[in-house]
Each structure stands twice: as C-alpha cells, then as structure tokens.
Amino acid sequence: MSTSPAVTQGFRLISLWCRGPQNELLLDGTPDSSVGNGMGFSPPVDAVEEVKVESFQVDAAFGHTAGGTVNMVTKAGTNAFHGTAYNFNQVSALGATLFFTNRAGQKKNVSNYNQWGLTAGGPILIPRLYNGRNRVFFFFAYEGISQKLPRATSTTVPTQAQRGGDFSELLALGGNSQIYDPLTGVREGARVRRQPFAGNRIPSARISPAARNILSFYDAPNQPGVADGRNNFFVGAVGEFNTFDSEMGRLDFNISSRHKLFFAFRHNDRLLNNGTTFSNNATGTFLNQINWGATIDDVYTLMPTTVLNTRLNWLRNGEVRGGFFDGFDITSLGLPANLTAQSTRLHFPEIVVGPYAGLGSSRGGGLNLPYDNFQLFTSVNKVAGQHSIKFGGDVRLIRRTRVDFGQSAGRFEFGTIWTRGPLDNSPGAPIGQDLASMLLGLPTGGRWDINASESSQNWYLSFFVQDDIRVRPSLTLNLGLRLEQELPTTERFNRSINGFDFTTASPVNGAAAAAYGRNPIPEIPASQFRAMGGFTFAGQQNRSLFRTPPVAWSPRVGAAWTPASLGKKTVLRGGFGLFYFPLNRAGTGIDQTGFSMQTPLVSTLDGNLTPHGTLANPFPDGILRPQGSAEGLATNLGRGIGFFSNDVQNGYSLRWNFSVQHELPGKTVFEAGYIYNHGVRMELNRPLNFVPAQYLSTSPTRDQPLIDRVTANVANPFAGLIPGTGLNGTQVARTQLLLPYPHFAGISERAAPEGASYFHMLQARVEKRFSHGVQFLPTIFIQN
C-alpha cells in the first residue's frame with residue numbers, strides 16, 4: 001500500500017522473554033506465488049527474518065518465471081519464548097497539504113496510516129503434561145493496517161447552462177464547437193448533412209428525461225477550469241480507505257535427529273473502498289481480497305550425504321469487486337422497465353460521456369474470482385566429492401472459478417456521431433457535442449452483458465537437475481537443467497471457444513456474396529468477396545482449449561572464480577540462463593464467447609441518418625441470450641471479437657551477466673557488472689481485421705477526399721442477415737467491406753508469440769562496510 005505524505009510518528013514496544021537464536025528456513029520454488037506469478041501472501045513485517053531478491057537465478061530448481069525470484073526467510077519458534085509488539089502511525093495533521101489541493105484552494109483532507117502488530121514464539125509447553133523443548137515449537141504473527149488516502153485531481157462536469165442545453169459559451173472557442181441537430185439529417189450523396197442548433201442551444205423540450213435523471217448524479221462545478229471548460233471540478237475527498245489484516249502461524253517438529261517437519265498457515269484480508277467522485281454512490285467501488293494458504297514441509301536425512309525434501313502447498317487468492325450501488329433500480333433513471341428482468345445483477349449503469357467524468361463502474365455488476373494453486377515439490381540433495389547434486393520435480397495444479405457479471409445493467413457511451421457536422425464525417429468537437437448527444441438521449445455505443453460462470457484448470461509439470469561443482473578452492477561451477485511443460489487448460493463444462501477457423505466459409509457467406517454481387521464496390525470484384533472464418537469450440541472429443549508446445553528445456557550455467565594471481569581479493573562471477581514465461585492462457589482465464597453474450601447498443605441501421613437505439617429504448621431488438629456453441633461459426637457475427645492465438649508457444653528470456661568484485665583497503669568493496677536480457681516470443685495482441693494498406697492515404701496531412709470515399713455509405717450485403725448488430729442495416733461504411741473479414745466489426749488475436757525485448761545494464765558500486773560507526777553504499781546504474 002502507498003502512504004500519503006505526512007510526518008511519521010510511532011512507537012515500538014518490544015518484550016523479550018529469554019530471547020534465543022531464531023531458526024530460519026529458505027524454501028526452494030515459489031510456493032506462495034499466485035496465478036500469474038504475483039505475490040500470493042504479504043506476511044507481517046516482524047515475521048520476516050530475511051528477503052532475498054534475485055534477477056538471475058542459476059539454480060534449476062526455480063522455474064515458471066521469466067527469471068526473477070523472491071525468497072523469504074520467516075521466523076520460527078525456538079527453545080526460548082520471544083515476541084514483539086509494534087505500532088507505526090502517520091497523520092495528516094502533521095503533514096503538508098497536497099500540491100493540487102492547495103492549487104484548487106481547497107482544505108487539506110484527512111489522511112492517516114496506522115500499522116500495528118505482534119509476534120510470539122517458543123516451545124510447546126503444557127504444564128505436567130508435555131514439554132516440547134527441543135521437539136515442537138510454535139510461532140504466530142499478526143498485523144493490521146488502516147489507511148485513508150486523499151484524492152487531489154480535477155475532472156470535468158456539465159455546467160448549469162449545459163444541463164439546460166445551452167452550449168453557446170463554446171462558440172467563443174471557434175473551430176468545430178457547433179452542436180448539430182440529429183433530426184435534420186438528409187442524404188447528400190453518400191454523406192449525411194445536418195443543420196446546427198440555433199445559438200448552440202438545445203430546446204428544453206428535446207432534452208431526454210433519462211438524461212435529466214443521469215445529470216442529477218453530477219455535482220456542480222467547484223472551480224473555473226480551463227478555457228474550454230475542462231477540469232472544472234476538483235476531487236479532494238478521501239480517495240481510498242484500506243483496512244488490512246494478516247496472520248501467519250507455524251509449528252515445527254523435530255521428529256528425530258534425521259527427520260524434521262513443519263506446518264504453516266497463512267491468511268490475509270484486505271478491504272478497499274474507493275471513494276466516490278461526487279456526493280453520491282454512483283462512482284464508488286470496493287475490493288475485498290481474501291487469501292489463504294497452508295504448507296507441509298518434510299525434510300528427511302536418508303544418509304549423511306543425502307537429504308530428501310518434500311513439500312505440499314496450497315494457496316487461495318480470492319477477489320470480490322463491486323460498486324456501492326449494487327441493486328440499483330435502473331427504471332429510476334428512465335430506462336425501460338423490461339430491462340430489469342433481463343439483468344443478471346442490477347447496478348448503476350456505466351455512463352461514458354467523452355471528456356466528462358464517467359458514472360458507474362467498469363466492473364459493472366461485480367466480480368468474484370477465487371484462484372487455487374496446489375503444489376507438490378520434491379528434491380533430493382546429494383553431496384559426492386566435489387559435487388553437490390540436487391534433482392527433483394515440481395508439479396502444480398491451478399484452478400480458477402470466476403463469476404463476472406460485467407455490465408449487467410448496461411453501458412452507455414455518448415460520442416459526437418449524432419451532433420457533429422455539417423457532414424456526418426466532419427471532425428468532432430473536443431468537448432460539448434458528446435454531452436449534447438446524451439441530453440438528446442442518443443447513445444453512440446454501449447452494450448448489455450449476460451456472462452457465464454467459469455470453472456477451469458490446468459497442470460504444470462517440471463523436472464530439474466543441478467550440479468554445483470567445486471573444481472578447486474578458487475573455482476566453482478553451477479550446471480543446471482530444467483524441463484517443464486504446461487498442459488492445456490480445460491473448462492469443467494466445456495464453456496469456451498478453443499480457436500478460430502480461418503478457412504471455412506461463414507454461414508452467411510452465400511447470401512452475403514449474392515447480395516454483394518448485385519451492388520459491388522469498385523475496389524473488390526464480386527468474385528473475390530468472401531465471408532470466411534468463425535469460432536471453434538471445446539467439446540467432449542476435444543476438451544483442451546489450446547495445444548501446448550513440447551517440453552521446454554531450460555539450461556543454467558554459472559561460475560565464480562577467485563584468481564590467485566590477483567591476490568585472492570578479486571572475484572569474477574558470470575552466468576547464463578534460459579527462462580520460460582508462464583503461458584498467459586494457462587490457468588489465467590478462458591474465452592467464453594457464445595456462453596457469455598454482449599448485446600451491442602446499435603445506434604443506427606442506416607449510416608447515421610436516423611437513430612435506432614436511444615435512452616428511451618436502448619435495445620429495441622431485445623437482449624440477446626447466450627446460445628453456447630449452438631451457432632458454431634455464426635457466433636458473434638457483426639461484432640468485434642477476440643481469440644487467443646492458435647499458435648501457442650512459450651516465450652522465453654535469455655539472460656546472462658558478468659561482474660567483478662574487488663576488496664579495497666578499509667573494509668571497502670568495489671563491484672562492477674553487466675546484465676543482459678533478451679525476451680523472445682513475447683505475447684502481444686494484434687488486430688487482424690484492418691483496412692489493407694492499398695486503401696489508406698500516404699498524405700502527411702488530412703486527406704479529406706480519401707476519407708470521404710472510404711467512409712461513404714454503400715449498400716450492405718449483410719442486411720437482414722445479422723440481426724441485433726450494426727451490420728444488419730441497409731447501409732454500411734465502405735471500409736467495412738474492405739476488411740479481410742467483413743462479417744465481423746473487428747478481430748483481435750491475443751497472445752500472439754511475436755514480441756521481443758532487449759535490456760542492457762551496467763552497474764557499479766562501492767560499499768564501505770560498517771566500521772567505526774560509518775557505512776555508505778554509492779551505486780551507479782546505466783541501462784537501456
């Protein structure tokens with residue numbers, strides 16, 4: 001968590017009972033990493049003995065990461081009782097007012113940060129029954145945090161005049177600030193021409209009742225703003241309110257001189273209330289994160305030179321998100337009553353109005369997302385002469401359950417399509433026309449979501465072998481190899497697509513090609529017009545959502561040398577490793593297109609001549625219901641779609657480093673090093689449904705003739721074939737027919753393995769170790 005600027009004040013009470021030496025345990029692997037390899041648990045600060053962060057890990061026991069690892073050593077109980085208690089506090093009363101708060105002439109808002117906790121550890125003792133000294137130990141830690149963070153930002157709200165339809169002040173800005181009347185549209189060739197509102201004022205009778213209700217959730221401006229009226233509202237109330245608690249405990253057992261075992265549990269709970277922008281709950285959201293974890297770790301000495309370590313670990317990351325207006329009655333805004341029965345969870349709709357502050361939440365009806373991560377890790381350590389050999393396996397099962405209601409009470413977007421002019425492709429105004437569109441009750445986009453729940457899982461398997469060889473006292477080599485593979489994700493009820501078929505004709509291809517042949521455009525001959533491709537789905541015969549690549553080989557090499565010729569005061573270190581990225585598709589979500597359905601808000605069916613969906617009736621064709629895989633290649637026709645790449649590959653990172661460390665007089669060390677990292681086959685998203693380059697302008701300035709030509713409305717070959725979408729009308733923009741997949745509004749291929757990255761860094765530091773009361777550590781980084 002971040003903290004607000006304030007003067008710190010605090011106290012630390014430490015009570016020690018015969019404090020003795022504390023045990024520590026460094027765990028191999030990443031048992032407490034969440035899905036996506038983020039941190040799965042935040043322990044109390046006084047439970048942590050040591051933290052080690054490494055950007056290059058030569059040990060092959062570490063994997064399923066791009067190379068960086070964090071190892072944490074936690075405290076444990078000993079034969080002596082010991083404990084701590086602490087409190088740390090920051091208060092805004094002793095801190096400076098935030099810069100933007102001062103600038104807005106507002107009072108300093110209340111903020112604070114309070115962190116407290118305690119720890120206790122020792123042997124298990126039950127008087128007259130059991131003495132656990134040297135055998136069984138306990139350790140427990142608790143921490144709580146309470147935090148208030150102020151906001152200091154500016155946004156834009158409608159002025160009193162604009163609420164009544166008066167945009168006359170914008171005319172002084174010149175340019176294209178005129179508001180045009182959507183009802184005056186007439187055909188002018190392939191374009192639509194409109195007339196301006198007199199005086200840039202919308203008649204009061206034309207203002208939508210629903211728009212008036214929505215406007216009531218905006219507060220009035222509280223500062224002048226800039227010349228065009230932007231940033232006329234300062235938000236300075238509490239932006240975040242966090243409460244957090246964390247508990248961890250462990251029991252250590254010395255079963256015998258050869259056998260040791262410990263059990264640990266972990267829990268933390270964070271509640272974040274994200275403050276509202278206005279004096280109501282239309283913009284407030286909350287986040288509740290609840291994490292649990294447990295570990296059993298067994299260490300058995302098979303013989304003096306051989307040790308077996310086996311660990312079972314479970315981690316659950318839970319996340320619940322939502323808005324303060326859960327259960328909101330959307331009919332109170334003036335939306336149709338029949339939409340209420342269509343909602344899977346009611347909430348305040350998301351309202352997006354150009355540069356003006358939005359209402360509602362991008363989380364819509366809320367999200368419930370628990371992850372479970374199970375791990376079995378085992379290793380055998382064997383010392384044989386100059387060799388220290390370690391080999392073992394790492395098996396993980398990742399399960400994800402997700403319920404995301406999305407915009408289950410609607411998302412309504414207001415742009416400039418209806419109110420710009422004089423032509424429908426004229427440039428839109430930077431401010432004003434979008435709000436005028438809302439006042440007139442004419443959305444330019446939006447959607448209504450009905451989402452399926454998800455229950456998916458995947459396995460990760462790996463085997464490793466590591467040999468650390470002490471060639472001679474001055475030279476050590478580290479040689480390692482890790483084999484790993486992520487198996488395909490499956491969904492319990494096969495509620496997911498598993499790819500895109502580029503070669504099969506769409507079900508609408510025949511009818512669309514015949515209609516196109518009657519009214520072709522010059523750029524594409526009728527014989528070349530095709531509607532190809534569509535989704536494929538998982539099924540009982542093919543439950544995998546993708547094909548995984550073969551086993552990945554991850555070699556690691558490292559060396560450390562202290563040349564005798566340099567007086568044994570210089571150490572040369574170097575290493576090379578190949579580290580594979582976790583697959584984004586594995587365990588981190590699936591695509592439930594068809595089982596989840598978005599009903600698009602279709603603003604027009606005739607090329608922006610007349611409205612179709614309005615605030616009074618935003619979905620006149622009804623709310624679409626999910627059909628699962630029943631529609632096959634016809635699923636989501638006419639909409640923007642996305643799918644994970646059919647070419648699934650593990651990206652990887654090539655890393656090597658080299659450093660020289662030399663001991664100087666006076667307990668001073670100088671070190672210089674170089675680090676290189678090259679990312680290969682990194683995942684990126686790329687659009688597939690774009691206008692080919694031959695139809696685009698090469699002019700360095702605005703090419704209005706070409707814009708007029710490619711955006712001109714032409715006969716739509718898909719008219720009547722794709723109901724409920726913008727591709728069902730009689731007219732369509734010419735650009736749509738120039739697309740390689742004209743039966744879709746857009747196509748995005750996700751996680752295509754085509755990205756790359758390069759990183760170089762030089763580092764130099766001088767460390768004066770603590771002596772005579774002095775310590776310093778100047779460091780220089782040069783990176784690219």
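All of the numbers you see were taken from the coordinates with simple rules; none came from a lab. Keep in mind that what you see is a predicted model, and the values were worked out from it rather than measured. So basically every Cβ, Gly included, is an ideal-geometry build from the backbone, and we count neighbours across all protein chains shown.
What the table below lists for this structure:
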{"item": "Over the chain, relative contact order from alpha-carbon pairs under 8 Å, at least 6 apart, %", "result": "10 percent"}
{"item": "Inter-part distance where the range 113-185 and the range 196-252 are each reduced to a Cα centre, Å", "result": "16 Å"}
{"item": "Sequence of Val714, Val157 once ranked by neighbouring C-beta atoms within 10 Å, starting from the fewest", "result": "Val714, Val157"}
{"item": "Euclidean distance between Cα centres, the range 305-367 to the range 527-544, Å", "result": "31 Å"}
{"item": "Charged-residue dipole, Cβ positions (Lys, Arg, Asp, Glu), the chain about Cα centre, Debye nearest 20", "result": "1220 debye"}
{"item": "Kirkwood hydrodynamic radius (C-alpha pairs) into Stokes-Einstein, the range 475-593, 4 °C and 1.567 mPa s, D in µm²/s", "result": "65 µm²/s"}
{"item": "Share of Cα-Cα pairs in the range 116-159 lying beyond 11 Å, as whole percent", "result": "77 percent"}
{"item": "Sparsely packed trypsin sites (Lys or Arg not before Pro) within the range 170-261, loop by DSSP, other Cβ within 10 Å at most 14", "result": "Arg258"}
{"item": "Spherically averaged projected area in nm², based on the convex hull that wraps the Cα atoms of the range 354-474", "result": "15.6 nm²"}
{"item": "The range 628-784 - convex hull of alpha carbons, volume per residue in Å³", "result": "233 Å³"}
{"item": "Loop sites in the range 568-671: trypsin sites (Lys or Arg not before Pro), DSSP, at most 14 other Cβ within 10 Å", "result": "Lys568, Lys569, Lys667"}
{"item": "Gain upon complete extension [Leu125, Thr301; 0.36 nm per residue less C-alpha separation]", "result": "60.7 nm"}
{"item": "The range 136-287 - convex hull of alpha carbons, volume per residue in Å³", "result": "224 Å³"}
{"item": "Extension gain from Phe253 to Lys667, taking 0.36 nm per residue of separation minus the Cα-Cα distance", "result": "145.0 nm"}
{"item": "Length released on extending from Leu94 to Phe374, taking residue separation times 0.36 nm less the Cα-Cα span", "result": "96.1 nm"}
{"item": "Pairwise label distance in nanometres, Ala715 with Asp621, each label 7 Å out on the Cα-Cβ vector", "result": "2.1 nm"}
{"item": "The chain: radius of gyration and largest Cα-Cα distance (Dmax), Å", "result": "32.0, 100"}
{"item": "√(5λ) per eigenvalue of the Cα gyration tensor, the range 262-310, largest first, Å", "result": "50, 8, 5"}
{"item": "Label-point gap, in nm, between Asn114 and Thr243 - each point 7 angstrom along Cα→Cβ", "result": "1.1 nm"}
{"item": "Rg/Rh (Cα only; Kirkwood hydrodynamic radius) as it applies to the range 533-653", "result": "1.34"}
{"item": "Under Karplus coefficients 6.51, -1.76 and 1.60, residue-wise ³J(HN,Hα) of the range 339-355 in Hz, glycine/proline x", "result": "6, 4, 5, 8, 8, 7, 7, 6, 6, 6, x, 7, 10, 10, 10, x, x"}
{"item": "The range 560-717: relative contact order in percent, alpha carbon pairs under 8 Å with at least 6 residues between", "result": "24 percent"}
{"item": "Shape metrics for the range 545-610, restricted to C-alpha atoms - Rg then Dmax, Å", "result": "28.2, 87"}
{"item": "Mean shadow area of the range 416-494 over all directions, Cα convex hull, nm²", "result": "14.2 nm²"}
{"item": "Dipole of the chain, positive direction: furthest Cα of Tyr142, Asn498, Gly638, with charges on the beta-carbon", "result": "Tyr142"}
{"item": "Inverse of mean 1/r across different Cα pairs in the range 269-420, Kirkwood, Å", "result": "19.7 Å"}
{"item": "Proxy reagent accessibility, fewest Cβ within 10 Å first, across Ile330, Ile255", "result": "Ile255, Ile330"}
{"item": "With 5 Å bins from 0: P(r) over the range 202-327, alpha-carbon pairs, percent", "result": "2, 8, 11, 10, 10, 9, 8, 7, 6, 6, 5, 5, 4, 3, 3, 2, 1, 0, 0"}
{"item": "Low-density loop positions, trypsin sites (Lys or Arg not before Pro), the range 120-179 - DSSP coil, at most 15 other Cβ in 10 Å", "result": "Arg128, Arg133, Arg135"}
{"item": "Label point distance in nm, Ala161-Thr570, each placed 7 Å from Cα along Cα→Cβ", "result": "7.6 nm"}
{"item": "With Cα atoms, 0 to 90° folded angle of helix 509-518 axis to the chain main axis", "result": "40 degrees"}
{"item": "Rounded Å value of the spacing that divides the Cα centres of the range 691-705 and the range 388-452", "result": "28 Å"}
{"item": "Positive dipole terminus of the chain, leading residue within Thr78, Phe414, Asn689 (C-beta point charges)", "result": "Thr78"}
{"item": "Size of electric dipole in the range 423-489: Cβ of Lys, Arg +1 and of Asp, Glu -1, about Cα centre, debye, nearest 20", "result": "380 debye"}
{"item": "Ranked list, fewest to most other Cβ atoms within 10 Å of each Cβ, for Phe286, Phe770, Phe644", "result": "Phe770, Phe286, Phe644"}
{"item": "Relative contact order for the range 148-217, counting Cα pairs under 8 Å that sit 6 or more residues apart, in percent", "result": "30 percent"}
{"item": "Label zone at Met532 (point 7 Å along Cα-to-Cβ), backbone N below 18 Å, the range 674-712", "result": "688-693"}
{"item": "Efficiency of FRET from Cβ geometry, Val186 and Ala227, R₀ 35 Å, rounded to 0.05", "result": "0.55"}
